[in-house]
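Visitor: Provided herewith is a single structure, encoded as structure tokens, for subsequent inquiry.
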Amino acid sequence: MTRKLKQSVRNQFESYALNDDQLRNLESLGKQIKTRRTGQVSICRWSLVGAVAAFILAFLLTPLILDQGDIHERVALEVATNHLKLKPLEIETASIDRIREYFDKLDFMPVKSTLINELGLELAGGRYCSLQGIAAAQLRVRQPGSDSVQTLYQTEYRKDVFKDMPVLEQGDAPVEVYAKGIRVKIWSEKGLVFALTDVPQ
């Protein structure tokens, strides 16, 4: 009985055996499926790499894009805030030469601005300060005979901080931004960045 059962099982399995043609067809089909899967995995892998690269690029570029629009607002806000405080002057003078002598610890030399001359403003003095973390000269200017003072900042033009500023020598007009109710003009001239508060109307 056991022998008959074994023989029956063997006969049953042999009836399911593939002939040579069937075996070749099955092997060929397996190779095609494997090739397709490899291609799909390759496409998936490159899609994933592309998505990660796009995310990283967006993550890195977003601050740069936002920075350019925000730098003028940040400068105007800092200048307006300090203008409203009107901290005491460290030196009182109308002479640019005395200003240069006093501000000898700066990495730049304070200069006369052509725009300040065109506006007819004269120096009243200044104090050490900073603008966006860079050492600056905070000067006070005014119309001759006027009690109203305006704050004028000068600092070195560092593109990594200030990005692209309008350049007076190239015919660019200063950027005008309102902060805390004060109009602030911002521009670049003679390799320096300038920011000037306006007299409130």
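Each value in this text was obtained by applying a stated rule to the coordinates, not by laboratory testing. What you are looking at is a predicted structure, and each value in this text was computed from that prediction instead of being measured. Note: ideal-geometry Cβ built from the backbone for every residue, glycine included; neighbour counts use all protein chains shown.
Visitor: Within segment 128-155, can you find the residues that are among the polar types (S, T, N, Q) and surrounded by fewer than 20 Cβ atoms within 10 Å (Cβ to Cβ)?
Guide: Taking segment 128-155 as the starting set, the residues that turn out to be among the polar types (S, T, N, Q) are 130, 132, 138, 143, 146, 148, 150-151, 154-155.
Of everything in segment 128-155, those that are among the polar types (S, T, N, Q) and surrounded by fewer than 20 Cβ atoms within 10 Å (Cβ to Cβ) turn out to be S130, Q132, Q143, S146, S148.
Visitor: What pairs come out if I take residues in segment 76-104 that are among the hydrophobic types (A, V, I, L, M, F, W, C) and pair them with residues that are part of a loop (DSSP other than H, G, I, E, B) and surrounded by 20 or more Cβ atoms within 10 Å (Cβ to Cβ) whose C-beta lies under 6 Å away, six or more apart or interchain?
Guide: Qualifying pairs under 6 Å: I99/P110; F103/P110.
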